[in-house]
Amino acid sequence: MMTSTLYPELVIILRAAGCVFIRQGKGSHEIWQSPVNRKNFSVPFTIKSKPTANAILKQAGLNVKI
């Protein structure tokens, strides 16, 4: 099943891992912070590709895949 965006699924995983929304970024992006590596990372809410979603999870220091 291909949804129009992977954003809702990605946010569920990020929140479950303790990641927090920091602020709205430019355009369709949000800035989040990971409790694992304390780094900020960008999450677009127009995300449609699994490889991109998995790259965001990797940036957050999470060892999970969509």
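Quick one: which of ILE31, ILE13 is of a type in the set (A, V, I, L, M) and out of contact with any Leu (no Cβ under 9 Å at 6 or more places or on another chain)? So that I can check it myself, show each step before the final result.
Numbers: ILE13 fails: out of contact with any Leu (no Cβ under 9 Å at 6 or more places or on another chain).
So the residue among ILE31, ILE13 that is of a type in the set (A, V, I, L, M) and out of contact with any Leu (no Cβ under 9 Å at 6 or more places or on another chain) is ILE31.
Which ranges mark the strands (runs of 3 or more DSSP E) fully within the chain that have 1 or more residues being among the small types (Gly, Ala, Ser)?
Hits in the chain: 40-44.
Test each condition in (1) open to solvent by 30 Å² or more (accessible area, probe 1.4 Å); (2) of a type in the set (Val, Ile, Thr); (3) modelled with pLDDT of 95 or more for THR3 and report the one that comes out false.
Tallying (1) open to solvent by 30 Å² or more (accessible area, probe 1.4 Å); (2) of a type in the set (Val, Ile, Thr); (3) modelled with pLDDT of 95 or more, THR3 fails exactly one: (3).
What number of residues within the stretch 18-43 satisfy the criterion of being open to solvent by less than 40 Å² (accessible area, probe 1.4 Å), closer than 15 Å to ALA53 by Cα and not hydroxyl-bearing (Ser, Thr, Tyr)?
Selection size over the stretch 18-43: 6.
Counting only residues that are touching a residue at least 40 places away in the same chain (Cβ under 8 Å) and of a type in the set (Val, Ile, Thr), how many does the stretch 38-51 have? Steps first, answer last, please.
We begin by selecting, within the stretch 38-51, every residue touching a residue at least 40 places away in the same chain (Cβ under 8 Å); these are 45-50.
Cutting the leftovers down to of a type in the set (Val, Ile, Thr) gives us 46-47.
Qualifying residue count for the region: 2.
The values are calculated or read from the model by the stated rules, or taken from the named source; none is laboratory data. Being a predicted model, the structure only gives us computed values, none of them experimental. Don't worry about glycine lacking a Cβ; one is built from the backbone with ideal geometry, like all the others, and counts go over all protein chains shown. Just so you know, the surface numbers come from the protein's heavy atoms only, side chains and all, with ligands and any DNA or RNA stripped out. Shrake-Rupley method; radii C 1.70, N 1.55, O 1.52, S 1.80 Å.
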